[in-house]
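The values are calculated or read from the model by the stated rules, or taken from the named source; none is laboratory data. Nothing here was measured: the structure is a model prediction, and the numbers come from that model. Every residue, glycine as well, gets a Cβ built from its backbone with ideal geometry; the counts of neighbours run over all protein chains shown.
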Amino acid sequence: MPKETKDALNRTIKNFIWEDDSFPRIANKTLRNPITEGGLDLLDLEVRNKAINIIWLKTYLNFSPKCLEWAIVTDLIIKAIAPNSLNKRAIINPFLQRWATPTRGTNALKTNNNIQRMIKVAKKFNINLTAIRITPQLSAQPLAWYHLSVEPRVVNTTAAKCLLEKHQTYTVAELMEASARIRNPSPDNPYRQSTYCQYRPCRIDREKNSINPDKCALEAKRQIELILPKLNPMHQGYHHRNLLLTRMRKGQNIRVRVETVQSSLIPQ
């Protein structure tokens, strides 16, 4: 809702409540309280505006195939105004990666008010992707470049650009595949750290015009190692932590459920 509209509505509400009285004796904050708490349950336009923006943001963050067309267009606009220091091929979405959308300056003026309000409310309420526990399968799906758990860094090395442009690697899983030759070498067809390595994946990469597949594989491995353990699919054992039920805990839960059922059957 534009500021002019909000101010006009607030004036209308004020005139309706107080008529010609220029000095209201009760604060608006009190009037917005529920009737049971001494207020009049008046509409808080500021809170309503934030709620509307959050609903827009929720719709925008629907990354399923059912996402609306305006959300796809918004993605393109946000990418267009991204800071020039970012690698344009690597950025996809600021909520799935660690880069900020400008809300001030020349680039911010290229967006409409709706997008700016949505971005500002996301920053105000610290909207971000988080989870208590993520399985290795899920942790391999996020975008690898400007990863959420990695400190922002420039993506401008030759190997990083090659991974993006020629190998088409964008997710953590794709980086794992690109670095598998280093992490899990094959005894039958050994990998050699050489530009002319005859290992099959290296030969396939050279067919994609990758000049030095060895450096690309090392860069992919290094990018994965920068990811924090909680979101790193290669960090074995971390994902379960203390959140899985041990045999003892399962037994305790069963006993508690049995005792609860028995106590509910006892007539009071």
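Pick out the one residue from THR101, THR106 that is among the β-branched types (Val, Ile, Thr) and either in the same structural domain as PRO152 (by TED's automatic domain parsing) or loosely packed, with under 11 Cβ neighbours inside 10 Å (or both).
Among THR101, THR106, only THR106 is among the β-branched types (Val, Ile, Thr) and either in the same structural domain as PRO152 (by TED's automatic domain parsing) or loosely packed, with under 11 Cβ neighbours inside 10 Å (or both).
Can you find a residue that is modelled with pLDDT under 90, in a helix (DSSP H, G or I) and surrounded by 17 or more Cβ atoms within 10 Å (Cβ to Cβ) anywhere in the range 37-50?
Yes; the residues of the range 37-50 include at least one that is modelled with pLDDT under 90, in a helix (DSSP H, G or I) and surrounded by 17 or more Cβ atoms within 10 Å (Cβ to Cβ).
Within the range 1-23, how many residues are modelled with pLDDT of 75 or more and more than 18 Å from ALA51 (Cα to Cα)?
12
Is it the case, given these coordinates, that ASN113 is touching a residue at least 40 places away in the same chain (Cβ under 8 Å), over 17 Å from the mean Cα position of the chain (by Cα) and under 22 Å from LEU57 (Cα atoms)?
It is true that ASN113 is touching a residue at least 40 places away in the same chain (Cβ under 8 Å), over 17 Å from the mean Cα position of the chain (by Cα) and under 22 Å from LEU57 (Cα atoms).
Can you name the residue in the range 163-179 that is modelled with pLDDT of 90 or more and hydrophobic (A, V, I, L, M, F, W, C) and is also surrounded by the fewest Cβ atoms within 10 Å (Cβ to Cβ) among such residues?
Only one residue fits best here, namely ALA173.
Under 8 Å by Cβ, and 6 or more places apart or on different chains, what pairs join a residue from the range 7-22 that is of a type in the set (A, V, I, L, M) with one that is surrounded by 10 or more Cβ atoms within 10 Å (Cβ to Cβ) and assigned to a helix (DSSP H, G or I)?
LEU9/LEU45; ILE17/LEU31
Restricting attention to the range 153-172, which residues are hydroxyl-bearing (Ser, Thr, Tyr), free of Cβ contacts under 8 Å to residues at least 60 places away in the same chain and under 22 Å from ASN232 (Cα atoms)?
Hits for the range 153-172 are THR169, THR171.
I need the full set of residues from the range 51-96 which are touching a Lys or Arg at 6+ places or on another chain (Cβ under 6 Å) and in a helix (DSSP H, G or I), in order please.
The one that is touching a Lys or Arg at 6+ places or on another chain (Cβ under 6 Å) and in a helix (DSSP H, G or I): ASN53.
Is at least one residue of the range 212-222 under 22 Å from ILE134 (Cα atoms) and surrounded by fewer than 18 Cβ atoms within 10 Å (Cβ to Cβ)?
Yes, the range 212-222 contains at least one residue that is under 22 Å from ILE134 (Cα atoms) and surrounded by fewer than 18 Cβ atoms within 10 Å (Cβ to Cβ).
Give the residue that is modelled with the highest pLDDT, with candidates limited to residues of the range 51-73 that are within 30 Å of ALA220 (Cα to Cα) and polar (S, T, N, Q).
This residue is ASN62.
Kindly provide the set of residues from the range 129-152 that are surrounded by 11 or more Cβ atoms within 10 Å (Cβ to Cβ), part of a loop (DSSP other than H, G, I, E, B) and either in contact with a Pro (Cβ under 6 Å, 6 or more places away or on another chain) or free of Cβ contacts under 8 Å to residues at least 60 places away in the same chain (or both), ordered by number.
Within the range 129-152, LEU129, ALA140, GLN141, PRO152 meet the criteria.
Would you confirm, using the coordinates I've provided, whether ARG25 is without any contact (Cβ under 8 Å) to a residue 60 or more places away in the chain, assigned to a helix (DSSP H, G or I) and either of a type in the set (Lys, Arg) or within 30 Å of THR171 (Cβ to Cβ) (or both)?
no
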